[in-house]
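The values are calculated or read from the model by the stated rules, or taken from the named source; none is laboratory data. This is a predicted model, so every value here is computed, not measured. Glycine gets a Cβ as well: all are built from the backbone with ideal geometry, and neighbour counts include every protein chain shown. In case anyone asks, the SASA skips ligands and DNA or RNA and just uses the protein heavy atoms, side chains included. Shrake-Rupley method; radii C 1.70, N 1.55, O 1.52, S 1.80 Å.
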Amino acid sequence: MSTEGTYYVPDQSKLPIFAATGMGVMAYGAASWVLEGGTATIFLFGSLIMAAVLYKWWSIVIDENMRGLASPQLKQSYVLGMLWFIFSEVMFFACFFGALFYVRVLVNSWIGGEAAVGWFDDTPTDAAAANAEHLWPGYEATWPPMITPDQAVNGDAAQFKGPDQAMNNPGIMGWVSWLPFWNTVVLLTSSFTVHVAHVALKDGNRKKFNTWLGITVLLGFIFLVLQVEEYIHAYQELGLTLESGIYGTTFFMLTGFHGMHVTLGTVMLLIQWLRGLKGHFSQDDQFGFEAASWYWHFVDVVWVGLFIFVYILT
Amino acid sequence: MAHGPATLADGWGKYISRWVFTTNHKDIGTLYLWFSFAMFIMGGAFAMIIRAELFQPGMQLIKPEFFNQMTTMHGLVMVFGAIMPAFVGLANWLIPMMIGAPDMALPRMNNLSFWILPFAFAILTSTLFMEGGGPNFGWTFYAPLSTTYAPDTVNYFIFGVHIMGASSIMGSINIIATVMNMRAPGMTYMKMPLFVWTWVITAFLLVAVMPVLAGAVTMMLMDINFGTSFFDAAGGGDPVLFQHIFWFFGHPEVYIIILPAFGVVSQIIPTFSRKPLFGYSSMVYATAAIAFLSFVVWAHHMFTVGMPIAGELYFMYATMLIAVPTGVKVFNWITTMYRGSLTFETPMLFSIAFVILFTFGGFTGMMLSIAAADMQYHDTYFVVAHFHYVMVAGAVFSGTAAVYYWLPKWCGRMYDETMGKVQFWIAFIGFNITFMPQHFLGLAGMPRRYADYGLQFADWNMVSSIGAFMYGGAQILFLFNVIRTIGWGKPTDDPQVWEGAEGLEWTVPTPAPYHTFATPPKVK
Ligand code: HEM
Ligand SMILES: [Cu+2]
């Protein structure tokens, strides 16, 4: 460790190599798991390594901070690290949203024989119509597509079958009994409660902080329960699955990845809550909590996008 | 810390743990550079196999199935294993020294970013020995080749790419945090050396597009194993969607490869011209402009896929726009040399060759960007020639130049100038013999990625293969020269090393001590 300087450069560390090993084992394990007849053993083993390393890694960082090794400059590095990490997550979701828009706006009408780009020219051309007639005769472009192109051509022999029912928006009057609406309410509220907790911490009101952060974690948990509920509803009652053509694909991949991020965010907040109970954080030093809360706001914003583009605009 | 890093004299155990557990930016830079060179040799071996098979028409040495694996692995290994890590290695070594920082902002994460790579590439190359063979769908892994028709091992490829991407993202975040947060007092943004500027913009590109690549392979994974239909029109998806996503990543990726190379030559040319870089701020703005444009031109790789005419036109004009900031750069390099007192040491030779050959590659790029003409050029050897001019004579030449330029600073020993120059000329001539004829082949209609070809293409293919072996040989000389320098080169302790060199890295002792700038310098 270079004690001469002000910036804390940690000594040699065994953490990263274990983390890299964990990731390598997980990657290899995941690939052999999805193969025909594969098992999850290697993957789980890798995850165990990874979990242990992460636990140790964060304990050490927290400990370093408590020992006063983390200068304001180092903390700024952590801040930048977290913000750019969130940016990379934004781009990950952008990829899936982009896929949704492309498929929904362009591909769907192309397969259905309508012409190219609406903004420039939406009169069906003979070529487009002939094309569709040749490739997917009988397919009609609607969103969500209840009958896949495959079904339009092959009927019951089709590999991809559309859902029986879509996750339709019941209209604003029906929202009260519509699960996605309540999910939105829960998540937006939690963004607010985490903010209240933050303000409380800055005011030095630890009790209030613990309470509101606890509520936030609870809301995150409720969201996840509702989401599971919704998936069960989709699979069992609507016949809407991951395999129901492009609608099921985009629906479950977008909401699924969002759900995974909510899970991660909830765990992050839960850890911060436990730390708060242990007396970590002070009025002017609370990075761990702040990072988790930024993440939480991000997850929230993604949900708003999902609510609009996946749920409402059907 | 009083004592220096462990050396072999401290015993193997200590020596190995130094490299495995290190948090030092110089050690990690060295690791990256050696890893990259190892991958370069491996990818190069694949290329030699390809060129040996193409030496004559007909099938001589390998089976077509294996040929496909070789072209795919060659591309993947060179792009992700050789070129990208080489520049990350340079970034690690140089950025802290150039901005007066004690180390990278997040040293432990830095170590993690590196050590993921050996795992990722072990997973990727291990597929070559598995049943079904390695990936055989081209480095661009278009669906449905990489989904419906892929070998089972594609899953290893997918997860290998995942962790490789994680490594890149962490590495880039580290670079961004270092540049934004660790500059010495007085080192304002507009005083940063160009290498730092180009890297921080590259890092931004990486953080923006590596997640998109992760998205692409995730969609593949789901389509292959879990019945989704992203890339299958039968379910309402579209294989072309894959191409859009891939190239939204892929085009910025080519600039991720070339921007640090721009940075390197922008350091070297002023030194050996003994003049400051001409048009510093325009260089910075041009870099930023290129980075921005690189997000909005991706479908120039897809002119033949059946886009609406509006798309063809838009992507054609947008692509052509890139020539403007690129032209600014070429102009500035040339103007820096104009009326300078030039000397032609090996790094300078490689840099001048860079300027000439990269510009040539840029011109063929302009030809390709004409949508109507690309109907003819697309997926022929003309494209192969284009991107090897920008990637090999561009990125690889500049990487070689960088090693020769900074090696004396790193290890306190001079390389053998004669050997360096010999290597340069073999590489320069070999490179052009390899790839110049590929333009002719492409224009005459020879398609890329086939194990065999029509007899009318025989002559130029043989020439191309001879050049390739020559170029390959030059790399052996390079390796030899580097090892010789580190072990037995003429010692030097001149901090500046090169007469015209400017910048903070040339103010620290030679060889650079293990820790530099523990207390930040003051920059006027
Ligand atoms: C003036 C700048 C450039 C222009 C206008 C340009 C244009 C193009 C176009 C239109 C294509 C598609 C050709 C086709 O597939 O039919 C292409 C391919 C390619 N370019 Fe460039 N390019 C430029 C610079 C670069 C640079 C700097 C790099 C990398 C360092 C690069 C790397 C590539 C690669 C790798 C491909 C082929 C990808 C593949 O299909 O495997 N280009 N370029
Ligand atoms: Cu491109």
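Only one of A:230, A:243, A:237 is touching a residue at least 40 places away in the same chain (Cβ under 8 Å), surrounded by 16 or more Cβ atoms within 10 Å (Cβ to Cβ), of a type in the set (D, E, K, R) and part of a helix (DSSP H, G or I); which?
One residue alone meets the criteria, A:230.
Here is a check on your reading of the model: is residue B:126 touching a residue at least 12 places away in the same chain (Cβ under 8 Å), facing chain A (nearest Cβ under 9 Å) and surrounded by fewer than 24 Cβ atoms within 10 Å (Cβ to Cβ)?
Working: touching a residue at least 12 places away in the same chain (Cβ under 8 Å): yes; facing chain A (nearest Cβ under 9 Å): yes; surrounded by fewer than 24 Cβ atoms within 10 Å (Cβ to Cβ): yes.
Yes.
In the stretch A:165-184, what residues are among the small types (Gly, Ala, Ser) and assigned to a helix (DSSP H, G or I)? Steps first, answer last, please.
Taking the stretch A:165-184 as the starting set, the residues that turn out to be among the small types (Gly, Ala, Ser) are A:166, A:171, A:174, A:177.
Listed by number, the residues that qualify are A:174, A:177.
Identify, please: which residue in the stretch B:36-59 is out of contact with any helix residue (DSSP H, G or I) (no Cβ under 6 Å at 6 or more places or on another chain) and not in a helix (DSSP H, G or I) and is, among those, least open to solvent (accessible area, probe 1.4 Å)?
Going through the qualifying residues, I end up with B:58.
Could you list, ordered by first residue, the pairs with Cβ atoms under 7 Å in which the first is in the stretch A:289-314 and open to solvent by 40 Å² or more (accessible area, probe 1.4 Å) and the second is not in a helix (DSSP H, G or I), at least 6 apart or interchain?
Here the result reads A:312/A:169; A:314/A:143; A:314/A:144; A:314/A:166; A:314/A:168; A:314/A:169, each pair linking the stretch A:289-314 to a residue that is not in a helix (DSSP H, G or I).
Can we say residue B:233 is without any contact (Cβ under 8 Å) to a residue 12 or more places away in the chain, within 11 Å of chain A (Cβ to nearest Cβ) and open to solvent by 20 Å² or more (accessible area, probe 1.4 Å)? Walk me through how you get there before you give the answer.
Working: without any contact (Cβ under 8 Å) to a residue 12 or more places away in the chain: yes; within 11 Å of chain A (Cβ to nearest Cβ): yes; open to solvent by 20 Å² or more (accessible area, probe 1.4 Å): yes.
Answer is yes for this residue.
Go through the stretch B:1-23 and give me each residue that's touching a Lys or Arg at 6+ places or on another chain (Cβ under 9 Å) and surrounded by 12 or more Cβ atoms within 10 Å (Cβ to Cβ).
Those that are touching a Lys or Arg at 6+ places or on another chain (Cβ under 9 Å) and surrounded by 12 or more Cβ atoms within 10 Å (Cβ to Cβ): B:5, B:6, B:10, B:17, B:20, B:21, B:23.
Does any residue of the stretch B:326-339 turn out to be touching a His at 6+ places or on another chain (Cβ under 7 Å) and either of a type outside the set (Lys, Arg) or modelled with pLDDT of 95 or more (or both)?
Going residue by residue through the stretch B:326-339, those that are touching a His at 6+ places or on another chain (Cβ under 7 Å) are none.
The answer is no, given that none of the residues of the stretch B:326-339 is touching a His at 6+ places or on another chain (Cβ under 7 Å) and either of a type outside the set (Lys, Arg) or modelled with pLDDT of 95 or more (or both).
When the residues of the stretch A:153-180 are narrowed to those that are over 28 Å from residue A:230 (Cβ atoms) and of a type in the set (A, V, I, L, M, F, W, C), which ends up least open to solvent (accessible area, probe 1.4 Å)?
Within the stretch A:153-180, the match that is least open to solvent (accessible area, probe 1.4 Å) is A:153.
For residues that are open to solvent by less than 50 Å² (accessible area, probe 1.4 Å) and under 19 Å from residue B:404 (Cα atoms), tally how many sit in the stretch B:338-356.
Residues of the stretch B:338-356 that are open to solvent by less than 50 Å² (accessible area, probe 1.4 Å), as a first pass: B:340, B:343, B:345-355.
When the remaining residues are screened for being under 19 Å from residue B:404 (Cα atoms), the result is B:343, B:345-355.
Final tally of qualifying residues: 12.
Inside the stretch B:182-204, can you point out the residues that are part of a helix (DSSP H, G or I) and either within 7 Å of another protein chain (Cβ to nearest Cβ) or under 19 Å from residue B:104 (Cβ atoms) (or both)? So that I can check it myself, show each step before the final result.
To start, the set of residues in the stretch B:182-204 that are part of a helix (DSSP H, G or I) comprises B:189-191, B:194-204.
Scanning the stretch B:182-204 gives B:189, B:195, B:196, B:197, B:198, B:199, B:200, B:201, B:202, B:203, B:204.
Residues being under 15 Å from the mean Cα position of the chain (by Cα) and of a type in the set (Gly, Ala, Ser): count how many of those fall in the stretch A:245-289.
Going through the stretch A:245-289 one residue at a time, the tally reaches 3.
Going through B:424, B:517, B:469 one at a time, which residue ends up being open to solvent by 20 Å² or more (accessible area, probe 1.4 Å), of a type in the set (A, V, I, L, M, F, W, C) and within 22 Å of the chain's Cα centre (by Cα)? It would help to see each step written out before you state the result.
Details: B:424 fails: open to solvent by 20 Å² or more (accessible area, probe 1.4 Å); B:517 fails: within 22 Å of the chain's Cα centre (by Cα).
When all the criteria are applied, what remains is B:469.
Taking the stretch B:163-181 as the search range and keeping residues that are within 9 Å of another protein chain (Cβ to nearest Cβ) and among the hydroxyl-bearing types (Ser, Thr, Tyr), which one is farthest from residue B:279 (Cα to Cα)?
Once the filter is applied, the top-ranked residue is B:167.
Among the listed residues B:263, B:306, which satisfies the condition of being away from ligand 2 (no atom under 11 Å from the Cβ) and surrounded by fewer than 23 Cβ atoms within 10 Å (Cβ to Cβ)? Talk me through it step by step, then tell me what you get.
Working: B:263 fails: surrounded by fewer than 23 Cβ atoms within 10 Å (Cβ to Cβ).
The unique qualifying residue is B:306.
Within the stretch B:236-260, track down each residue that is without any contact (Cβ under 8 Å) to a residue 60 or more places away in the chain, away from ligand 2 (no atom under 16 Å from the Cβ) and open to solvent by 10 Å² or more (accessible area, probe 1.4 Å).
B:238
Taking the residues in the stretch B:300-316 that are β-branched (Val, Ile, Thr) and touching a residue at least 12 places away in the same chain (Cβ under 8 Å) as candidates, determine which candidate is farthest from ligand 1 (Cβ to nearest atom).
B:305
Would you check which residues across the stretch B:288-297 are assigned to a helix (DSSP H, G or I) and more than 10 Å from ligand 1 (Cβ to nearest atom) and list them?
Keep residues of the stretch B:288-297 that are assigned to a helix (DSSP H, G or I), which gives B:288-293.
Hits for the stretch B:288-297 are B:288, B:289, B:291, B:292.
Show the residue pairs meeting these rules: Cβ distance below 7 Å; 6+ apart or different chains; first residue within the stretch B:277-299 and touching a residue at least 60 places away in the same chain (Cβ under 8 Å); second residue among the basic types (Lys, Arg) and within 16 Å of ligand 1 (Cβ to nearest atom).
Hits for this filter: B:283/B:329.
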